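Please read the structure below before turning to the comments.
The values are calculated or read from the model by the stated rules, or taken from the named source; none is laboratory data. Note that this is a predicted model, so its numbers are computed, not measured. As a convention, Cβ positions derive from the backbone with ideal geometry for all residues, glycine included, and neighbour counts pool all protein chains shown. Keep in mind that these areas ignore ligands, DNA and RNA; they rest on the heavy atoms of the full protein, side chains included. Shrake-Rupley method; radii C 1.70, N 1.55, O 1.52, S 1.80 Å.
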Amino acid sequence: MKNFSINERAVLAFFHDAIMLVISWAIALSLFAETADIFQSNVMFESLAVVLAAAIPVQATVSIVFGMYQGLWRYASLPDVQRIVASASAGSVAVALTLWAGGWLGAIGFPAFFVQTLLLIVLMAGSRISYRSWKEWRLYGRAGEQGTPVLILGAGDAAVSLLKELSRSAEWRVVGLLDDDPNKRHRLLHGVRVLGSINELPRVTRTIKVKHAIIAMPSVLYPVRRHIVEVCNKARVTVLTVPKFNGISMSPTIPGKTQPPKIRRVAVEDLMKREPIMLDDAGLQDLLTAKVVMVTGAGGSIGSELCRQIATYQPSLLVLFEQSEFALYKIEQTLRDEFENLPIAGVIGDIKNARRVNQTMHQYSPSLVFHAAAYKHVPLMEETNAWEAVQNNVLGTLVIARAAMEYGVKKFVLISTDKAVNPTNVMGASKRMSEMVCQALQQTGETRFEMVRFGNVLGSAGSVIQRFQDQIDKGGPVTVTHPDMVRYFMSIPEAAQLVLQAGTMGLGGEVFVLDMGEPIKIVDLARDMIRLSEPTDEEVKITYTGLRPGEKLFEELLADDEHMRPTPHPKLRIAKARVAEPGFLETIAQWLHQDRIPEDSEVRRDLKRWVPEYVAQVRPRLKAVAGTGEKKSA
């Protein structure tokens, strides 16, 4: 079949509507021919010609004004039907006025106009909807019959929208829905039946032989999410979800064209024991829009997410400062793909290299710096790289912070960690010293320094999540250091939002701490990941290996000598941290620039001088102890 251009389609639609107009008037006049005086002289066709002579140009003009020929029939929807109703109604009124002004109205009464209007609406709307149904049947009908069978868990608005999207997908074929509302039992939604409650999933899957289920309940609370996963685990089906489900996603190039939903497996962050924290972004527009913003460690887990979120506020320039060539290339290409009009400067450099840092600050003059570059891996820094941890985390912060002051940066946000609180490892102690560097510099210049502490980030580079997943993929065992070890967790987007929020609120020198909810047992995290892995009959064991050097069973958000004070945001607090002694900067600068590389024991000894709460806890590795096995399921 010929592919018509947009203009040709508009002309065809125009002639179609003109024919429908003729048909509607012919039917309406014939229905009232026996009672209308105008037809008693057997001049119905002459009268129809008179009416159409006025109706066709008037209705055509009204239809054009209402934009009837700007859309595509293939994507006809409710707004198009509403436009047809408005156009047909306005056209009938205009035709009546035209006939009255010309003295042609005669005995044509209101019933004829009313019936003609209804007929025209039905004919125009019906043609468009029928055409769309035919096109979708041709495009998606066969694919829908061949896709992977799947159940949708939930029968609310989100499930209905998902059902409509999946009907156009060649990958999935929805065979039923499950919902706990008894009033929806056995009802049909877009031709798909509600088969029962969610607890009946094991019975339903045995009956219809389905291996996948999609959760379509975006606002459901944590206990319900966990229960659903447990039911899926019992039914031995893979549980899926739709991230950030917002209904139909629209194509940026073709109006009204739907994109297939991005179905993904339920991830461990979906089962966190607290609801995601949505930070108030008031003030971010003033902070970031039309500003030059610099991010160090821009290719890292936190740095790259910071860059993505900053980019949405349209800075005048985003400076990506990164030591790794590949990481810089990756984030630069990602940002250029997602934000085509975003000005980007990709700078390869070491934060310890004062010349490179100063050159970058001088060239781009950032007004805001987010310092995310750091060494963060606790055991790796603890065992043989203590001096490198101090050099990168402390000296690097000192170099970047001093350059920020020299080149007029208005705000400097340091990304810290909860491991800086009562540290038991070199990494934590070095990050506490980084905080002290910023606190000391706050007392000497106009740049506002803010520090942000948060816990472990799900999915970050070096995260325990990736290690557990690799072990599960190999069939186990999954190694956990201690059955009682607990940690605070947050998602990468949450961490980036916290950092940005701190940037809007800080007045200078504050250490911001997030209300992170309840800590999570690492062994529970491992069990959740095993349950969320691909269903098989094999059993994945959990073994306990003992604490590694520098690790402790739990992390803290406040040191022993610190206190909290509230902020306007309910999920953010400010820690009243101990300020560095006078002369601190000069003393540590000399220490950091010494000619020799000190031994790790010397580094720990010197860290204790400036961070008295630091207590090194080097523990020998313990012999692995087997834990309980877990089924790979759901």
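Could you please put 591, 25 in sequence from largest to smallest accessible area, using a 1.4 Å probe?
591, 25
Which order do 332, 581 take by accessible area at a 1.4 Å probe, largest first?
Output order, biggest surface exposure first: 581, 332.
Leaving ligands, DNA and RNA out of it, rank 405, 490 by accessible area with a 1.4 Å probe, largest first.
In descending accessible area the options line up as 405, 490.
Could you pull out the pairs from 330/431; 352/411; 184/571; 164/209; 330/541; 330/608 whose alpha carbons sit more than 29 Å apart here?
Exceeds cut-off: 184/571; 330/541; 330/608.
If you place +1 on the Cβ of every Lys and Arg and -1 on the Cβ of every Asp and Glu, how big does the dipole about the Cα centre of the range 422-530 come out, in debye to the nearest 20?
Roughly 280 debye, rounded to the nearest 20.
Give me a comma-separated list of calculated 3J(HN,Hα) values for the range 326-341, in order, Karplus coefficients 6.51, -1.76, 1.60 applied at θ = phi - 60°, integers in Hz, x for any Gly or Pro.
Coupling constants for the range 326-341: 5, 4, 5, 4, 5, 6, 5, 5, 4, 5, 5, 6, 7, 10, 4, 9 Hz.
Pull up all non-local amide H partners of residue 491: gap of 5 or more, or a different chain, and H-to-H distance under 5 Å with H placed in the peptide plane.
458
Could you compute how much accessible surface residue 410 exposes when probed at 1.4 Å, giving the result in Å² to the nearest 10?
140
Enumerate the calculated ³J(HN,Hα) couplings along the range 464-472 in order (Karplus 6.51 cos²θ - 1.76 cosθ + 1.60, θ = phi - 60°), each rounded to whole Hz, writing x wherever the residue is Gly or Pro.
Karplus values, whole Hz, x for Gly and Pro: 5, 4, 5, 5, 4, 5, 4, 5, 5.
Is the range 340-495 rounded, prolate or oblate when judged by the Cα gyration tensor, a ≥ b ≥ c being the square roots of its eigenvalues, rounded requiring a/c under 1.5 and prolate requiring a/b larger than b/c?
prolate
Under a Cβ-Cβ cut-off of 13 Å, what is the net charge of the residues other than residue 366 that fall near it, where Lys and Arg count +1 and Asp and Glu count -1?
Numbers: positive: 291, 410, 411; negative: 406.
Once positives and negatives cancel, what remains is +2.
Name the long-range amide H neighbours of residue 346: under 5 Å, sequence gap of 5 or more, or other chain; modelled H, no Pro or chain starts.
Those lying under 5 Å, H to H, from residue 346 are 320.
Rounded, prolate or oblate: pick one for the range 307-410, where a ≥ b ≥ c are the square roots of the eigenvalues of its C-alpha gyration tensor, a/c under 1.5 means rounded, and failing that, prolate if a/b is larger than b/c, else oblate.
Working: a/c = 2.30, a/b = 1.40, b/c = 1.64.
Oblate, because a/c is 1.5 or more while a/b does not exceed b/c.
Read phi for every residue in the range 12-26 and hand back ³J(HN,Hα) as whole Hz from Karplus 6.51 cos²θ - 1.76 cosθ + 1.60, θ = phi - 60°, with x for Gly and Pro.
Here the 3J(HN,Hα) series is 4, 5, 4, 5, 4, 5, 5, 5, 4, 5, 4, 5, 5, 6, 4 Hz.
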